[in-house]
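Right, one structure below, let's go through it.
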2 protein chains.
Amino acid sequence: MTTHVPINLAAKLATFDEHWQPRTVATFNGHDIMVVKVKGEFVWHSHADSDDLFLVLHGRIRIELRDGAVELGPGELFVVPRGVEHRPVAIDEAHLMLIEPTGTPNTGDEATAAQRRVI
Amino acid sequence: MTTHVPINLAAKLATFDEHWQPRTVATFNGHDIMVVKVKGEFVWHSHADSDDLFLVLHGRIRIELRDGAVELGPGELFVVPRGVEHRPVAIDEAHLMLIEPTGTPNTGDEATAAQRRVI
């Protein structure tokens with residue numbers, strides 16, 4: 001029998017400390033399932049070809065949009081539609097699960113994006 | 001300013017009681033983000049054209065595979081690759097988040113699948 005191992009999101013998050021540096025923990029239909037620690041303000045950006053899914057695992061974030069904002073706590077998710085400018089902000093450190101097509105730059109721009117890292 | 005509302009997964013799960021009847025709570029890149037309550041044994045099935053993502057929100061499940069099994073608790077996820085036969089089992093009620101392409105039958109077969117419901 002093959003041993004199959006679940007992916008424990010908290011255990012994956014415990015392996016690193018940097019903020020805004022997503023780690024890929026699984027792949028799914030051409031997408032990366034990622035975890036990330038965030039604190040402070042990210043840059044305003046959008047993804048022309050992909051929706052952007054945020055699920056809060058720990059802490060709280062605010063996703064600023066040009067026409068308002070949404071506040072998310074643990075167990076809450078929000079999908080930013082493709083092409084919509086947004087800026088995630090976390091006053092205190094928060095932990096998120098993200099899903100993006102493999103290869104999507106996290107800032108919407110290859111030049112400024114975090115390098116893809118698989119853990 | 002537009003009011004944007006987060007999707008609270010526990011609140012969505014509190015709106016229904018049936019087992020193995022997923023509810024779509026958001027859409028993302030042509031996929032349904034779903035929550036489901038499960039208890040007991042599901043049918044053996046596979047999805048020819050899609051991986052199958054399980055994230056446990058509450059309780060525990062076992063995903064049986066033809067060559068073994070994987071046990072998942074809260075905050076743990078597992079991706080069953082496309083074409084791989086599997087059977088989810090929950091001894092006690094468990095709550096899951098699932099992601100599947102919109103239109104994917106949950107049993108792998110239109111004839112026996114749960115109807116798509118959006119909440």
Answer with yes or no whether A:D52 is farther than 19 Å from B:E76 by Cα, surrounded by 21 or more Cβ atoms within 10 Å (Cβ to Cβ) and of a type in the set (D, E). yes
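Considering only the range A:7-24, how many residues are part of a strand (DSSP E or B), surrounded by 15 or more Cβ atoms within 10 Å (Cβ to Cβ) and not β-branched (V, I, T)? Break it down stepwise before answering.
Initial filter on the range A:7-24 (part of a strand (DSSP E or B)): A:7-8, A:19, A:23-24.
In the following step, the residues that additionally are surrounded by 15 or more Cβ atoms within 10 Å (Cβ to Cβ) were identified as A:7-8, A:23-24.
From the residues that got through so far, the ones that are not β-branched (V, I, T) too are A:8, A:23.
Matching residues across the range A:7-24 total 2.
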Which pairs do you get when a residue that is farther than 15 Å from A:V38 by Cβ and touching a residue at least 24 places away in the same chain (Cβ under 8 Å), found in the range A:72-88, comes within reach of a residue that is among the aromatic types (F, W, Y) and part of a loop (DSSP other than H, G, I, E, B), reach meaning Cβ atoms under 6 angstrom, with the pair 6+ apart or on two chains? A:E85/A:W44
Considering only residues of the range B:26-40 that are out of contact with any Leu (no Cβ under 8 Å at 6 or more places or on another chain) and at the interface with chain A (Cβ under 10 Å from one of its Cβ atoms), which is surrounded by the most Cβ atoms within 10 Å (Cβ to Cβ)? B:H31
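Being within 14 Å of the chain's Cα centre (by Cα), at pLDDT below 95, on the phi > 0 side of the Ramachandran plot and surrounded by 14 or more Cβ atoms within 10 Å (Cβ to Cβ) narrows it down to one of B:G59, B:G108, B:G103, so name that one.
Exactly one of B:G59, B:G108, B:G103 is within 14 Å of the chain's Cα centre (by Cα), at pLDDT below 95, on the phi > 0 side of the Ramachandran plot and surrounded by 14 or more Cβ atoms within 10 Å (Cβ to Cβ), namely B:G108.
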Only listed residue being open to solvent by less than 60 Å² (accessible area, probe 1.4 Å) and on the phi < 0 side of the Ramachandran plot, chosen from A:V43, A:V89: A:V89
Taking B:L96 as the residue in question, decide whether it is open to solvent by less than 70 Å² (accessible area, probe 1.4 Å) and away from chain A (no Cβ under 11 Å). yes
List, please: which pairs have Cβ atoms under 6 Å, are six or more places apart or on different chains, and start with a residue in the range A:1-23 that is within 14 Å of chain B (Cβ to nearest Cβ) and end with one that is modelled with pLDDT of 95 or more and in a loop (DSSP other than H, G, I, E, B)? A:L9/B:G75; A:A10/B:G75
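The values are calculated or read from the model by the stated rules, or taken from the named source; none is laboratory data. No experiment lies behind these values; they were computed from the predicted model shown. All Cβ positions, even for glycine, are placed from backbone atoms using ideal geometry, and neighbour counts span all protein chains on display. All accessible areas refer to the heavy atoms of the entire protein, side chains included, with ligands and DNA or RNA removed. Shrake-Rupley method; radii C 1.70, N 1.55, O 1.52, S 1.80 Å.
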